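Below is one structure; the comments refer to it alone.
The values are calculated or read from the model by the stated rules, or taken from the named source; none is laboratory data. Every value quoted in this text rests on a predicted model; they were computed, and no experiment measured them. Don't worry about glycine lacking a Cβ; one is built from the backbone with ideal geometry, like all the others, and counts go over all protein chains shown. All accessible areas refer to the heavy atoms of the entire protein, side chains included, with ligands and DNA or RNA removed. Shrake-Rupley method; radii C 1.70, N 1.55, O 1.52, S 1.80 Å.
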Amino acid sequence: MNDNAQGTPEITLGFTRGVAPSKWVRRWQAVSPEQPLTIMPFPKPYGRPGNAAEFDMLLERTAPGASPVGAVADGERTHHALRLYTEAVALVLPKGHDLAGEESISLAVIAERSDIRLLDHPNHAPEWPAAEPWDDPSWMPADLRGALELVATGLGGILMPAPLARHITDKRSHISIRVSDPIPGGEIWASWLVGRDAPDVQHLAGVMRGRTARSSRSSEHNAENAAAAAARAPKRQQQPQKKQPKLNPNSRGAQLKAAQEKRERERAERRRAKRR
């Protein structure tokens, strides 16, 4: 954490490829405009970068079902972690494949097509359809970049998180198709050191949970005070509601009211039809 020219502490948020932190930046600026939030990308697709200690908080990716390193309660905890969301999965194939132009593909189609050979790579999750094992384990690519190079040669395709595929695939060499079945991709976490668990970092974690300007801590405090004041205030007697005058069935007012009620029923019916 650094200080800017005005002496206000600055928070540095690092984020991995495929994560768009802009929505959290907007929320932060809405609730804490006096404290700068600097965002910095890092290239490591899974886990933390080598310079992780330079960041106050990280947006990192783990494999499905995994937790960030050091955030497991049954060991020596070095980090706090907040799971934000799970990514979709994409199938990446070589450019020129006859599936080019398809927006999505099912697992059944992947399994039945003989021209889709899934290549194994270090980040192929056990929850995904089984990839073809390498005859020689040393042939397995060392990382996703190496796997994408093999895809570009036409050797086969790979599965990977869809947001990450959008960022690191080469449109001149690859096509990316979203998998329509609900299988888990990468999991995106906010993580920070236990020793950095200060109020401003906790506040940023709250913003990522969904806190907005209307639900900021100060607003919550004011709301609690208002509720307490209302409880202490003497209760006013409710005034009896005035009865609405009964309309003549043949009057213009009754006709207008009936027409309005009919329009409201029709709108309600259209809304119900859309939800079916």
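In table form, for the structure just shown:
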| item | result |
| --- | --- |
| Residue within the stretch 72-81 that is farther than 30 Å from Val201 by Cα and of a type in the set (Gly, Ala, Ser) present | no |
| Of all residues making up the stretch 37-75, the number that are crowded, with 19+ Cβ neighbours inside 10 Å and outside any loop (DSSP other than H, G, I, E, B) | 8 |
| Residue match in the stretch 136-145 (condition: part of a loop (DSSP other than H, G, I, E, B) and open to solvent by less than 50 Å² (accessible area, probe 1.4 Å)) | yes |
| Residue in the stretch 119-131 that is open to solvent by 40 Å² or more (accessible area, probe 1.4 Å), assigned to a helix (DSSP H, G or I) and within 24 Å of Pro43 (Cβ to Cβ) present | no |
| Checklist (1) exposed (fewer than 13 other Cβ atoms within 10 Å of the Cβ); (2) closer than 19 Å to Pro184 by Cβ applied to Ile105, failing item | (1) |
| Residue in the stretch 65-79 that is within 23 Å of Glu149 (Cα to Cα) and either in contact with a Ser or Thr (Cβ under 9 Å, 6 or more places away or on another chain) or modelled with pLDDT of 95 or more (or both) present | no |
| Hits in the stretch 123-151 - residues which are among the hydrophobic types (A, V, I, L, M, F, W, C) and under 29 Å from the mean Cα position of the chain (by Cα) | Ala125, Trp128, Ala130, Ala131, Ala142, Leu144, Ala147, Leu148, Val151 |
| Close pairs (6 angstrom Cβ cut-off, 6 or more residues apart or separate chains): under 16 Å from Ala190 (Cβ atoms) and charged (D, E, K, R) in the stretch 26-44, open to solvent by less than 100 Å² (accessible area, probe 1.4 Å) and in a helix (DSSP H, G or I) anywhere | Arg27/Val207 |
| Some residue of the stretch 146-155 being crowded, with 19+ Cβ neighbours inside 10 Å and without any contact (Cβ under 8 Å) to a residue 40 or more places away in the chain | yes |
| Failed criterion for Glu34 (all others in (1) part of a loop (DSSP other than H, G, I, E, B); (2) more than 25 Å from Trp128 (Cα to Cα); (3) open to solvent by less than 70 Å² (accessible area, probe 1.4 Å) hold) | (3) |
| Boolean, Ala162 is touching a Pro at 6+ places or on another chain (Cβ under 6 Å) and at pLDDT 95 or above | no |
| Meets criteria (open to solvent by less than 40 Å² (accessible area, probe 1.4 Å) and part of a loop (DSSP other than H, G, I, E, B)) for Ile116 | yes |
| Considering residues of the stretch 170-200 that are modelled with pLDDT under 95 and of a type in the set (Val, Ile, Thr) only, the residue nearest to the chain's Cα centre (by Cα) | Ile183 |
